[in-house]
1. Which of the lysines could be linked to K62 by a straight reach, that is with a Cα gap under 20 Å, when you skip same-chain ones fewer than 8 residues away?
2. Once phi is turned into ³J(HN,Hα) by the Karplus curve 6.51 cos²θ - 1.76 cosθ + 1.60 with θ = phi - 60°, what whole-Hz value does each residue of region 25-34 show in order, with x for glycine and proline?
3. Enumerate the lysines that K25 could reach by cross-link, defined here as Cα to Cα under 16 Å, with residues fewer than 8 away along the same chain left out.
Amino acid sequence: METKKLLAHIGTDGILKIQTPTNFKDKSVEILVVLQPLDDPEDSPTEASLPKYNGWGKPTTKKSIQAAIIKMQQLQQEVGLDKNSIREMIDEGRRF
């Protein structure tokens, strides 16, 4: 059993959207929802302040994004293709 505490926002359409990473995949689960309105509108989360998750269900942070950029730059150096090779590959791909 996992217990998570999240902040969420119910839109004007009355729909509550919850995004949370979990280890449970393709399983039926029991969910308990407790709604407690926040008193101060400044405390209510905005779309920008809600946590974001990557494709693997892990939270994205400034640190994780910077690490991904560094990995991409390292891969670019390892592959070492010049711009002409990339253009040739694109042109060849268009032939198919």
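Values quoted throughout were computed directly from the atomic coordinates according to the rules given, and no laboratory measurement underlies them. In this text the structure is predicted, and so the values were computed from the model without any measurement.
1. Output for K62: K52, K71.
2. Per-residue couplings from phi come out as 10, 6, 9, 7, 9, 9, 10, 10, 10, 10 Hz.
3. Result set, ordered by chain and number: K58.
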